[in-house]
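Here's the structure, in structure tokens; my notes come after.
The values are calculated or read from the model by the stated rules, or taken from the named source; none is laboratory data. Since this is a predicted model, take the numbers as computed values, not measurements. All Cβ positions, even for glycine, are placed from backbone atoms using ideal geometry, and neighbour counts span all protein chains on display.
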Amino acid sequence: MNTLRHDTPYRPSTDARLHRASRPREYNQGICRALSAGPDVPSTDGPDNLESWRGNDVSPRRGKVSLVGAGPGDPELLTLRAVRRISAADALVYDNLVGDGILDLARRDATRIYVGKRAGNHALPQEDINHLLVELAAKGLKVVRLKGGDPFIFGRGGEEMEDLVRAGIDCEIVPGITAASGMAAATGIPLTHRDHSQTVLFTTGHLRDGTLNLDWDALARPHQTVVIYMGLGALEIICRELLAHGLPADTPAAVVHAATTPRQRIVTSPLHALPEATRDAKLGTPSLIVVGHVVSLHELAAALPALAACSA
Ligand SMILES: C[S@@+](CC[C@H](N)C(=O)[O-])C[C@H]1O[C@@H](n2cnc3c(N)ncnc32)[C@H](O)[C@@H]1O
């Protein structure tokens with residue numbers, strides 16, 4: 001049987017090996033530490049292998065993966081369950097959008113493995129992350145996969161869950177406050193309001209091959225709020241299409257950067273002028289685009305001491 005021993009260096013057993021050259025150094029070091037720390041258990045290439053291991057007399061500690069929503073940035077917006085899972089974890093696999101201070105809740109001896117994108121580095125491919133989670137849990141470790149916001153909202157939590165379940169790994173999902181909810185509370189822009197908006201839509205503005213194929217007719221309906229994740233790079237296209245599909249030029253709109261964190265900034269503008277206002281304010285990622293009459297409430301709420309000082 002193919003076993004991982006304490007003294008065996010980590011060898012990815014699938015196509016993960018192909019991407020080794022692009023991995024951040026912390027990633028490789030983290031994996032080696034994590035895999036050499038756990039009990040001596042077989043590697044798992046799929047449920048069959050895992051089942052045969054479970055049938056053995058040897059019964060090492062069972063590993064588990066918790067897909068944990070880290071919320072929009074402010075550590076106080078973590079759920080109690082998220083705090084419990086983070087502080088009990090043997091290994092934490094995290095990326096860019098996990099707010100400052102959240103990893104400090106982990107045990108000092110827990111392994112932290114960064115799989116995100118930093119200047120000059122590519123993010124670890126999703127298949128490699130899935131594979132890593134399986135490998136760590138198969139070693140008997142309590143693994144926390146920390147994700148910004150909610151794991152099931154534009155967070156690829158579904159893909160990770162699918163692979164874990166297929167590999168026979170115990171897994172749970174701990175929901176988090178999604179960026180739109182955090183932004184709403186931190187800017188005083190309610191997502192729904194009986195006088196302004198009866199529907200809220202979350203959509204992605206991520207460009208594919210320079211284009212964005214969204215259901216513009218649905219997004220441009222009146223009396224609703226549209227929140228666009230990952231849309232900053234497509235802001236001009238988004239505003240142009242919404243106007244072309246019937247939203248009035250003076251529809252209130254906003255871009256909110258780093259909501260709930262000390263770096264939060266907001267630009268509000270009529271829809272037609274939003275790209276220019278956002279460029280002038282030099283807002284970068286992470287940012288949300290919000291379109292709808294609820295944005296007009298921000299000005300009123302900005303008088304509240306807790307919400308002051310976030311305008312760009
Ligand atoms: C890959 S998606 C992850 C969304 C996350 N799972 C959630 O539920 O919030 C990343 C995008 O979320 C948005 N985002 C995440 N955190 C944010 C924040 N604190 N402020 C503004 N936008 C944020 C940005 O649009 C960013 O590009």
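For region 265-277, does any single residue satisfy the condition of being closer than 15 Å to ALA184 by Cβ and either surrounded by 20 or more Cβ atoms within 10 Å (Cβ to Cβ) or in the same structural domain as GLY99 (by TED's automatic domain parsing) (or both)? Yes, region 265-277 contains at least one residue that is closer than 15 Å to ALA184 by Cβ and either surrounded by 20 or more Cβ atoms within 10 Å (Cβ to Cβ) or in the same structural domain as GLY99 (by TED's automatic domain parsing) (or both). Could you check, for region 151-163, whether at least one of its residues is surrounded by fewer than 23 Cβ atoms within 10 Å (Cβ to Cβ), at positive phi, at pLDDT 95 or above and out of contact with any helix residue (DSSP H, G or I) (no Cβ under 8 Å at 6 or more places or on another chain)? Within region 151-163 (the criterion being surrounded by fewer than 23 Cβ atoms within 10 Å (Cβ to Cβ), at positive phi, at pLDDT 95 or above and out of contact with any helix residue (DSSP H, G or I) (no Cβ under 8 Å at 6 or more places or on another chain)), the answer is yes, since at least one residue qualifies.
Are there any pairs with C-beta distances below 6 angstrom linking a residue in region 109-123 that is closer than 14 Å to LEU146 by Cβ and assigned by TED's automatic domain parsing to the domain that holds ALA91 to a residue that is small (Gly, Ala, Ser) and at pLDDT below 75, with the two at least 6 apart or on different chains, and if so which? Sorted first by the residue in region 109-123, then by its partner, the pairs are THR111/GLY30; THR111/ALA34; ILE113/GLY30. The combined condition, being outside any strand (DSSP E or B), under 25 Å from ILE153 (Cα atoms) and touching a Pro at 6+ places or on another chain (Cβ under 9 Å), is not fulfilled by GLU241.
Among the candidates THR268, THR260, the residue that is under 22 Å from PHE154 (Cα atoms) and hydroxyl-bearing (Ser, Thr, Tyr) is uniquely THR260. Among the residues of region 261-308, those identified as within 16 Å of the ligand (Cβ to nearest atom), among the hydrophobic types (A, V, I, L, M, F, W, C) and over 15 Å from VAL227 (Cα atoms) are ALA281, LEU283, LEU307.
Yes/no per residue for (1) within 16 Å of the ligand (Cβ to nearest atom); (2) of a type in the set (Ser, Thr, Tyr); (3) within 20 Å of VAL83 (Cβ to Cβ):
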{"position": "ASP128", "(1), (2), (3)": "no, no, no"}
{"position": "HIS131", "(1), (2), (3)": "no, no, no"}
{"position": "LYS142", "(1), (2), (3)": "no, no, yes"}
{"position": "ILE173", "(1), (2), (3)": "yes, no, yes"}
{"position": "GLY182", "(1), (2), (3)": "yes, no, yes"}
{"position": "PRO190", "(1), (2), (3)": "no, no, no"}
